[in-house]
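Enquirer: Take this structure first; my questions come after.
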Amino acid sequence: MKKKLDKASVHNGRANSKGVAYHANHNTLELSRSHQPHIDPERIHLNRYIQYLEGGAAIAHKGGEGGYDSRKHETDRYKQLYGEGLDARNKRYIASGHRERVKSVRQVYRDPKTAPMETIFQLGKKGSQTDEQTRTEVFNRVPDMVRFLGELPEYEAEMFTNKKAKTNPEVAKAALEMLRPVIEGIEDWTETTIHDVLMAKIAESGMKNATALWPLRIAISGQMSTPGGAIEIAWLLGKDECLRRIDLGLAKLA
């Protein structure tokens, strides 16, 4: 009989329960945990930090003072992902006389709009502690949950149909055709801007939020279930990749 795992829930965000943006160093072990509302300082020694590498490999690190430095991993990752593109953009700003727009990788890392996304996996209930085997089984699934960010998986057009969201291939096609030029026109590619622009367009169209965003999420993720919503995923992918995936989705609906 297959073992039933403890319930796991996932929360993604850059703000705490009071709407205050997390500092870029929110999960760095060098800092005091006393001001983090979701962390019990007395149980930090029980933490396990899972570092996911290219190709899905994972390394587990023990918590506690002097343990894993997630800030170093995050800043190294930012340099790898954004360093070259940021250098090219800075050169264009300097050439056009807009030196005030130049940003370093460190500034991008520390900006609340582009700081690392806080992802909290909650296993079990308050006051309980899951066993090592359960934690290992759950976190081994994480690479598969986010693999779509690196490569769009194959998916069928039937996935655009969702009874609750009131979508079918025809409705999905109309939603994607409506949102594509709006997305293409966004210059300030931040999660907040993407959210505000898309939600304004959806409200203007008279379409329900779910009816418009379900097809977008399917088109850019190729999955029925994702850790984040369509807007968050769009921001993570970047505009060019987002548009490419929308075009592939529209081709499936043609």
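The values are calculated or read from the model by the stated rules, or taken from the named source; none is laboratory data. All of these numbers come straight from a predicted model, not from anything done at the bench. No Cβ is skipped: glycine too gets one built from the backbone with ideal geometry, and neighbour counts run over all protein chains shown.
Enquirer: Identify all residues within the stretch 68-100 that are at pLDDT 90 or above, outside any helix (DSSP H, G or I) and at negative phi; write none if there are none.
Expert: Hits for the stretch 68-100 are S96, H98.
Enquirer: Check whether at least one residue in the stretch 107-126 is more than 26 Å from H195 (Cβ to Cβ) and either loosely packed, with under 15 Cβ neighbours inside 10 Å or modelled with pLDDT of 80 or more (or both), and report yes or no.
Expert: Taking every residue of the stretch 107-126 in turn, at least one turns out to be more than 26 Å from H195 (Cβ to Cβ) and either loosely packed, with under 15 Cβ neighbours inside 10 Å or modelled with pLDDT of 80 or more (or both).
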